[in-house]
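The values are calculated or read from the model by the stated rules, or taken from the named source; none is laboratory data. None of these values were measured; they are calculated from a predicted model. Using ideal geometry, Cβ is built from the backbone for each residue, glycine included, and neighbour counts are taken over all protein chains shown. Ligands, DNA and RNA are stripped out before the accessible areas are found, and what is left, the full protein with its side chains, is counted by its heavy atoms. Shrake-Rupley method; radii C 1.70, N 1.55, O 1.52, S 1.80 Å.
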Amino acid sequence: MTEPERKTDIGPPHYGQFLHPVIKANYGKWKYHEIIEPGVLMHVSETGDKLYSVRVGSGRLVSTDFVREACDLADKYSQGHFRFTSRHNMEFFLTDLSQLPALKADLAAKGWPIGGTGHSVTSIVHTQGWVHCHTPAIDASGIVKAVMDDLFEYFGKHDLPAQVRIALACCLNMCGAVHCSDIAICGVHRTPPKILHDKLRHLCEIPTTIASCPTGAIRPHPDKSLKSVIVNEERCMYCGNCYTMCPAMPCFDAEKGGVAILVGGKVSNSKTPPAFSRLAIPWIPNNPPRWPETVAAIRKILTKYAEGANKWERVGEWIERIGWERFFEVCDIPFTFQHIDDYKFQAYDTYRTSMHFKF
């Protein structure tokens, strides 16, 4: 692989210099891969080279001590290389499969689980939450920890009909993969921003604050002596974009904000096109530190999917086969007026010509 010459020191160094030697030597030549056991993949190159990747569960937020321990294992088994996947797993690389038992023993001693491959629940991709994002309706790491603790039995086994990808976004701006995950957790604000008129003129630029609203709900205050804004609450969709631009417009409400659950999203594969998630549960209370209502709702959806889906069916494909009406029935989820906007089936996309459900 030829690395382009970099004429600037701005930005990260080229990733090519960090690739494992076997990956670098076979770049673009990989022929196929197999899952030889949960959490362990064998990659075979056209040249005949083989590389084994061992996937280990991790968190999105880790300490420097944790990274140092991972580096020590990488030096011991993986020629100094390991990587984080987009879903916050770690992967170590073995060129000799006989090293696998020793690596598994070292990982077990640290309490680091192997899994997240094939027909399992892998680590949950999520956003920042209360750690440092300024618009979240919910936390991220806290809910993810509670949900994954409950579903951990599915991480290291291939017991599900197909892979299940779970994602979390702290607000409807969805910088998590909520729109394309089998089960998605989305934080929802349910009240318009509060306007702190006495602070706004000191903290915010009014033109950029107005421009930040995707629905045009913000306009200058009609009282010209008051350098502030007003919000048309009928047009507000509670996204929190205005608070991103203007800290004098907070939108978090501990009582009315909460969690929405979406289902059925996926990216495309060789068999089926991509699918967007759809709303399943419009609101669950924001209930830290363990969010029991959210955990129970996801457990129920996953259990019904595991019981009813055919092998290789993703969550969305299972729902499309049995029908959305049946999905709401088997999961004991009431269909409410909040669902309607998400179920306006288009005749040119489906065979359905109306949004009416047939319970």
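Scan segment 43-90 for residues that are touching a Lys or Arg at 6+ places or on another chain (Cβ under 8 Å), free of Cβ contacts under 8 Å to residues at least 40 places away in the same chain and under 21 Å from His158 (Cβ atoms) and jot them down.
His43, Val44, Thr85, His88, Asn89, Met90
For segment 24-69, which positions are outside any strand (DSSP E or B) and β-branched (Val, Ile, Thr)?
Residues of segment 24-69 that are outside any strand (DSSP E or B), as a first pass: 24-29, 38-39, 46-49, 58-69.
Hits for segment 24-69 are Thr47, Val62, Thr64, Val67.
For segment 288-330, how many residues meet the condition of being among the polar types (S, T, N, Q) and open to solvent by less than 50 Å² (accessible area, probe 1.4 Å)? Step through it out loud before you land on a result.
Here is the first cut: in segment 288-330, the ones among the polar types (S, T, N, Q) are 294, 303, 310.
Narrowing further to those that are open to solvent by less than 50 Å² (accessible area, probe 1.4 Å): 294, 303.
Result for segment 288-330: 2.
A quick yes/no check of all residues on (1) surrounded by 24 or more Cβ atoms within 10 Å (Cβ to Cβ); (2) of a type in the set (D, E, K, R); (3) in a loop (DSSP other than H, G, I, E, B); (4) at positive phi:
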residue	(1), (2), (3), (4)
Ile138	yes, no, yes, no
Ile143	yes, no, no, no
Met148	no, no, no, no
Glu153	no, yes, no, no
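Quick check, is Glu307 more than 22 Å from the chain's Cα centre (by Cα), within 20 Å of His119 (Cβ to Cβ) and either at pLDDT below 90 or part of a helix (DSSP H, G or I) (or both)?
Numbers: more than 22 Å from the chain's Cα centre (by Cα): yes; within 20 Å of His119 (Cβ to Cβ): yes; either at pLDDT below 90 or part of a helix (DSSP H, G or I) (or both): yes.
So Glu307 passes the test.
Could you grab the pairs with beta carbons closer than 7 Å, sequence gap of 6+ or different chains, first residue in segment 258-278 and farther than 16 Å from Cys186 by Cβ, second one modelled with pLDDT under 90 and of a type in the set (S, T, N, Q)?
Correct list of pairs: Pro274/Ser268.
Please tell me if Leu200 is over 21 Å from the mean Cα position of the chain (by Cα) and open to solvent by less than 20 Å² (accessible area, probe 1.4 Å).
Details: over 21 Å from the mean Cα position of the chain (by Cα): yes; open to solvent by less than 20 Å² (accessible area, probe 1.4 Å): yes.
Yes, satisfied.
State all residues of segment 50-82 that are open to solvent by 80 Å² or more (accessible area, probe 1.4 Å) and at pLDDT below 95; if no residue qualifies, say none.
Arg60, Leu61
What do you reckon, is Thr117 β-branched (Val, Ile, Thr), part of a loop (DSSP other than H, G, I, E, B) and open to solvent by 70 Å² or more (accessible area, probe 1.4 Å)? Write out each step before concluding.
Details: β-branched (Val, Ile, Thr): yes; part of a loop (DSSP other than H, G, I, E, B): yes; open to solvent by 70 Å² or more (accessible area, probe 1.4 Å): no.
When the stated conditions are applied, Thr117 does not pass them.
Does any residue of segment 242-252 turn out to be under 16 Å from the mean Cα position of the chain (by Cα) and either more than 27 Å from Leu151 (Cβ to Cβ) or surrounded by fewer than 19 Cβ atoms within 10 Å (Cβ to Cβ) (or both)?
Looking only at segment 242-252, we keep the residues that are under 16 Å from the mean Cα position of the chain (by Cα), and these are none.
Scanning segment 242-252 turns up no residue that is under 16 Å from the mean Cα position of the chain (by Cα) and either more than 27 Å from Leu151 (Cβ to Cβ) or surrounded by fewer than 19 Cβ atoms within 10 Å (Cβ to Cβ) (or both).
May I ask you to list the residues in segment 215-228 that are open to solvent by 80 Å² or more (accessible area, probe 1.4 Å) and touching a residue at least 12 places away in the same chain (Cβ under 8 Å)?
Kept after step one, since they are open to solvent by 80 Å² or more (accessible area, probe 1.4 Å), are these residues of segment 215-228: 219, 222, 224-225, 227.
Arg219, Lys227, listed by residue number.
Return the residue satisfying two criteria in turn: it lies in segment 92-114 and is open to solvent by less than 50 Å² (accessible area, probe 1.4 Å) and either of a type in the set (Phe, Trp, Tyr) or part of a loop (DSSP other than H, G, I, E, B) (or both), and of such residues it is farthest from Cys239 (Cα to Cα). Working first, answer last.
So in segment 92-114, the residues open to solvent by less than 50 Å² (accessible area, probe 1.4 Å) come out as 92-94, 100, 102-103, 106-107, 112-114.
Adding the requirement that they be either of a type in the set (Phe, Trp, Tyr) or part of a loop (DSSP other than H, G, I, E, B) (or both) leaves 92-93, 112-113.
Details: Phe92: 39, Phe93: 42, Trp112: 37, Pro113: 36 Å.
Ranking the candidates gives Phe93 first.
From the residues in segment 169-185 that are outside any loop (DSSP other than H, G, I, E, B) and modelled with pLDDT under 95, which one is surrounded by the fewest Cβ atoms within 10 Å (Cβ to Cβ)? Give the derivation first.
We begin by selecting, within segment 169-185, every residue outside any loop (DSSP other than H, G, I, E, B); these are 169, 178-180, 183-185.
Filter once more, so that each one left must be modelled with pLDDT under 95: 169, 178-180.
Details: Ala169: 30, Val178: 27, His179: 17, Cys180: 19.
This residue is His179.
Take segment 229-241 and flag every residue that is more than 24 Å from the chain's Cα centre (by Cα) and surrounded by 22 or more Cβ atoms within 10 Å (Cβ to Cβ).
Looking only at segment 229-241, we keep the residues that are more than 24 Å from the chain's Cα centre (by Cα), and these are 229-236.
Scanning segment 229-241 gives a single hit, Val229.
Applying the selection to segment 203-214, what residues are open to solvent by less than 60 Å² (accessible area, probe 1.4 Å) and either more than 26 Å from Met174 (Cβ to Cβ) or under 31 Å from the mean Cα position of the chain (by Cα) (or both)?
Going residue by residue through segment 203-214, those that are open to solvent by less than 60 Å² (accessible area, probe 1.4 Å) are 204, 206, 208-210, 212-213.
Answer for segment 203-214, where residues must be open to solvent by less than 60 Å² (accessible area, probe 1.4 Å) and either more than 26 Å from Met174 (Cβ to Cβ) or under 31 Å from the mean Cα position of the chain (by Cα) (or both): Ile206, Thr208, Thr209, Ile210, Ser212, Cys213.
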